[in-house]
1. Report the accessible area of Glu217, computed with a 1.4 Å probe over the heavy atoms of all protein chains in place, in Å² rounded to the nearest 10.
2. How much solvent-accessible surface does Thr214 expose, in Å² to the nearest 10, with a 1.4 Å probe and all protein chains in place?
3. Where the accessible area of the chain is counted over protein heavy atoms with a 1.4 Å probe, how much of it, in %, is carbon and sulfur?
4. Once amide H atoms are built 1.01 Å from N in the peptide plane, which residues 5 or more positions from Ser147, or in another chain, come under 5 Å H to H?
5. Keeping all protein chains in place and using 1.4 angstrom, which order do His252, His286, His109, His141 fall into by accessible surface area, from largest down?
6. Ignoring everything but the protein chains, give the 1.4 Å probe accessible area of Ile107 in square angstrom, nearest 10.
7. Note down the nm distance, to one decimal, between modelled labels 7 Å out along Cα→Cβ at Val144 and at Lys210.
8. Using the structure shown, select from Lys73/Lys248; Lys32/Lys54; Lys104/Lys242; Lys67/Lys104 the pairs with a Cα to Cα distance greater than 18 angstrom.
Amino acid sequence: MRKIKTLKMWIERCAEVEAAVGEVEVGFDFVKEGVLTEDELDELYNDALDKIEKLELRNMLRREEDKLSAIMKINSGAGGTESQDWASMLMRMYLRWCEKHGYKTAIQHMVDGDEAGIKSVTIGIEGDFAYGYLKSENGVHRLVRVSPYNAQGKRMTSFASVFVSPMVDDTIEIVLDPSRISWDTFRSSGAGGQNVNKVESGVRVRYQYKDPYTGEEEEILVENTETRDQPKNRENALRNLKSILYNKELEHRREEQRKIEDSKKKIEWGSQIRSYVFDDRRVKDHRTNYQTSNVGAVMDGDIDNFIKAYLMEFATDE
């Protein structure tokens, strides 16, 4: 059924493009005959161009994992309250983007900041191609502004990291070694009534991961306080753990492919990818050099052009 749905989408989108281009071609004759104005022809042209560009963008999402939902984690960097406030601003930006595109979101775990903002948050984003679009947001995001938390009114620079991994579903099998899993439970914090304080509904899973390619070992820690139901939180935590392991395998495949192709366009996931300079009214992506002066719109979730620029330049390299 998924295959049929995907094929149907391509057929319908291609038919829409074909029809839109046909209308533009016929429109030229209608303008000559005085049936159509030049402004109306411009509208037909822009509509056809928009449909073509959207289809072209979807064509960039051809990898197996692109069609999956996503798990996004945002961590504030060094800098105290300012960076924690920046992390919460990024969270709002992505939640607004998801809302505009009809994606379902759920805050799976969040640690509030000391005075304002957040230290970290994990968001589940459900919907087709959520990971394919949001993988472009992986990396460090830099904010430059006059800080409201600075008494001298100085210009400050803050950092927050964004990590996006595909949310595995029942079509992908991830094997977990039970002997490497350990569980902790804890009381959730925040709003929620008396139950939150009395019941240890929050869960923490630790997994001793051994890289099958390098032999290196590390501890993967996943926390979940999404619901008041501990079994449900355990289930969600395990799903997140599987998503992290799946993403590690994907990263290995990408690295191997980069070595083979010896591509000059390398994506450094841990490096600064985008700067948001509020004073100069500028947001610039350092990978694609795409930038805009409409900072307000970007912070309200209008990041489609950044995503598009990234996918059009790097998707084929992946």
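The values are calculated or read from the model by the stated rules, or taken from the named source; none is laboratory data. What you are looking at is a predicted structure, and each value in this text was computed from that prediction instead of being measured. Cβ coordinates were reconstructed from backbone atoms using ideal geometry, including for glycine residues, and neighbour counts include every protein chain displayed. SASA here: full protein model, heavy atoms, side chains in, ligands and nucleic acids out. Shrake-Rupley method; radii C 1.70, N 1.55, O 1.52, S 1.80 Å.
1. My reading of the accessible area for Glu217 is about 130 Å².
2. The accessible area comes out at roughly 90 Å².
3. Carbon plus sulfur share of accessible area: 48 percent.
4. Those qualifying (amide H under 5 Å, at least 5 residues apart or on another chain) are Lys154, Met156.
5. His286, His252, His109, His141
6. Number for this one is 70 Å².
7. That separation, rounded to one decimal, is 4.8 nm.
8. Details: Lys73/Lys248 15 Å; Lys32/Lys54 30 Å; Lys104/Lys242 20 Å; Lys67/Lys104 15 Å.
With Cα atoms farther than 18 Å apart: Lys32/Lys54; Lys104/Lys242.
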